[in-house]
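**Q** Before anything else, here's the structure in question.
Values quoted throughout were computed directly from the atomic coordinates according to the rules given, and no laboratory measurement underlies them. If you're wondering where the values come from, they're calculated on a predicted model, not measured in any experiment. No Cβ is skipped: glycine too gets one built from the backbone with ideal geometry, and neighbour counts run over all protein chains shown.
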Amino acid sequence: MNDDPDILVDRDADQLARSISDQLVSTLAALQAQDRVPAVVLTGGTIADKVHRAVAARADDGRVDWSRVELFWGDERFVPADSEDRNERQAREALLDHVDVDEALVHPVPADDGTLTVDEAAARYADVVRDRVFDIVMLGVGPDGHVASLFPGKPTLAVDDRDTVSETDSPKPPASRVSLTFPALNRGREVWFLVSGSGKADAVARALDGDDVTRTPAAGVRGTEQTLWMLDEDAAAQVPDVQ
């Protein structure tokens, strides 16, 4: 596993989103040029939404064949499929509805349809992602240092024998969620942390300093080939030697 992260800093969230979208399109195009179907783990949040919209705006350039990209989610809120809280809904509205995806290659976490429990949803998603190696894992970071739905101090941080967990008491609503575990996230060849805003600066600095994962879960995810932190200046404000 690569223990030396790369750090890229942009002026603000808008410029950061453009840089991430450039990186994503270039990486996917390069993988497809090798006749591969890239496997990508998506994240949610404000910066992810900006990235998705930036990618969609340039979809007509033809560099990426979106019907040959396989998509997963690092975590999901266990809510009805049409809820605005769904990371899947956010990604579809910003990106997937605007590109020619193959739905057979799009793997959302099961939604709360009134018949499943959150534990059952996690188990079903485990069947989907079991032993999968991801080309790109994109992650946001919370002000508390959480990634996906792995939160500080939670017993889910210690799970190492399965690829998904359920969380029923998230400190950030909604309370019920499904998340990939550290073992699944750490199968990413490239892990990209996408972080903007001064409210995340302390968590970013702690993670890059190798803080204990029970306090800063973001410190526990690394790519097997590359770990890339893509930050705006506010998020990077407490990281030495990057301004």
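**Q** Can you tell me the mean projection area, over all orientations, of the convex hull of the chain's alpha carbons? Units nm², please.
**A** 12.0
**Q** Then there is this: Using a 10 Å cut-off on Cβ atoms, rank the peptides 52-59, 74-81, 153-160 from the highest mean neighbour count down.
**A** Peptide ranking by packing, descending: 74-81, 52-59, 153-160.
**Q** Quick one: Cα centre-to-centre distance for the stretch 67-92 and the stretch 164-243, in angstrom?
**A** That distance is 19 Å.
**Q** Can you pull out the trypsin sites (Lys or Arg not before Pro) in the stretch 120-158 whose DSSP state is coil and whose Cβ has at most 12 other Cβ atoms within 10 Å?
**A** Those satisfying the criteria are 130.
**Q** Follow-up. Semi-axes of the equivalent ellipsoid of the stretch 129-243: what are they in whole Å, largest first, if each equals the square root of 5 times a C-alpha gyration tensor eigenvalue?
**A** 22, 17, 11
**Q** Which of the DSSP-defined H helices in the chain satisfy a minimum axial length of 27 Å, computed from C-alpha atoms, and a minimum mean Kyte-Doolittle hydropathy of 0.0?
**A** Qualifying helices, which must be both long enough and hydrophobic enough, are 13-33.
**Q** Next question. Given the DSSP H assignment, sum -39500 (n - 2.57) over each helix run of at least 4 residues in the chain and divide by its residue total; what's the result at 222 nm in deg cm²/dmol, nearest 500?
**A** -8000 deg cm²/dmol
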